[in-house]
Amino acid sequence: MGLTVLATISTICVEAAIFGSPTVAAATSEPVTTATVQATEGPAAVDAPVIDDLTAPPVEDIADAPVSNTDDNLILDEEQFLGPLAFEGESDDAVVERLVSYLEGVDTLKGDFTQIAPSGAVSSGRFFLRRPGLLRFEYDPPTPLLIVANSGLVYVRDEALETTDSYPVGRTPLKFLLSDTIDLDRAEIVAVDRGVDTVAVTFASKEEETEGELSVIVSAPEMQLTRWIVRDLHNGITVVMLDNVAAGERLANRLFRAPEAGGQFLKN
């Protein structure tokens, strides 16, 4: 795995989404693909500054840089700058077990989200998660979308087009968030990355029907979900960042009603 730092990975993913071009492309009305529920793009686009060079100096250059002890010119070497990584001394397998145990122990989460689509379009709203199997994304205007996962299906409602599409959760990497248990025998651990106070585990499925990869990022050592990153089959990256997250609160069944005429409420 090397010493890849999660903070750097997350920053690069976000910068790649926002700064891909001088002006972020507005979203289109193309249908949502089965691989990227979370990659749907609302019409709200932002103008982003142009960054000439997002690359950092090679690690070996930082490590070999001279250290000056003067107050006004202190250059820290890599280890001093980063500090100890999360769960230092534990194996990657142990870190994966920690994260899986945390996810499987989650009952409910709710809060705010900010989504950056592969084009760089930015949208926001509220999310509600009740495991296993239930998820709701309410997008703020002007994004006309509502996404609900329920009974093994993902429903995408587009109010502007007055359409509702649905497809199996198992075809998307979101299944790793929504499954009652995470079967590591049927999952491939693509990467384990650690920062000073964050950990990311990237999952892919060994089953051909599941399209894409999911990186789950949690704070460390307290283990709280802070964001996830989805890479689709075309290497498009969608970043979902969570804020004001509350855990363990009761969430009404009506939140997870299928967004279509005739949809039934879940029974308690």
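The values are calculated or read from the model by the stated rules, or taken from the named source; none is laboratory data. None of these values were measured; they are calculated from a predicted model. When we count neighbours, we look across all protein chains shown, and the Cβ atoms used for this are built from the backbone with ideal geometry, even at glycine.
A few comments on the model shown:
- Among (1) over 19 Å from SER101 (Cβ atoms); (2) at pLDDT 95 or above; (3) surrounded by fewer than 20 Cβ atoms within 10 Å (Cβ to Cβ) - the single one VAL245 does not satisfy: (1)
- Scanning the stretch 122-134 for residues that are within 16 Å of SER166 (Cα to Cα) and free of Cβ contacts under 8 Å to residues at least 60 places away in the same chain turns up just one, GLY133.
- Considering (1) without any contact (Cβ under 8 Å) to a residue 24 or more places away in the chain; (2) over 18 Å from GLU213 (Cβ atoms), the lone condition that ARG186 does not fulfil carries the number (2).
- Across the stretch 179-199, the number of residues qualifying as at pLDDT 90 or above and farther than 20 Å from ARG131 by Cα comes to 12.
- Among the conditions (1) under 16 Å from the mean Cα position of the chain (by Cα); (2) surrounded by fewer than 21 Cβ atoms within 10 Å (Cβ to Cβ); (3) of a type in the set (Gly, Ala, Ser), the only one that ALA160 does not satisfy is (1).
- Which listed residue is at pLDDT 90 or above, out of contact with any strand residue (DSSP E or B) (no Cβ under 6 Å at 6 or more places or on another chain) and either buried (at least 17 other Cβ atoms within 10 Å of the Cβ) or of a type outside the set (Gly, Ala, Ser) (or both), from GLU104, GLU138: GLU104
- Residue within the stretch 131-146 that is more than 22 Å from ILE237 (Cα to Cα) and of a type in the set (Val, Ile, Thr) present: no
- Yes/no for ARG157 being out of contact with any helix residue (DSSP H, G or I) (no Cβ under 6 Å at 6 or more places or on another chain) and among the charged types (D, E, K, R): yes
- Leading residue by the ranking (surrounded by the fewest Cβ atoms within 10 Å (Cβ to Cβ)) among those in the stretch 216-236 that are under 9 Å from THR198 (Cα atoms) and among the aliphatic types (A, V, I, L, M): MET223
- Applying the set (1) more than 24 Å from ARG157 (Cβ to Cβ); (2) modelled with pLDDT under 95; (3) among the polar types (S, T, N, Q); (4) out of contact with any helix residue (DSSP H, G or I) (no Cβ under 9 Å at 6 or more places or on another chain) to SER205 leaves exactly one unmet item: (4).
- LEU161 at pLDDT below 95, outside any strand (DSSP E or B), in contact with a Gly (Cβ under 8 Å, 6 or more places away or on another chain) and hydrophobic (A, V, I, L, M, F, W, C): no
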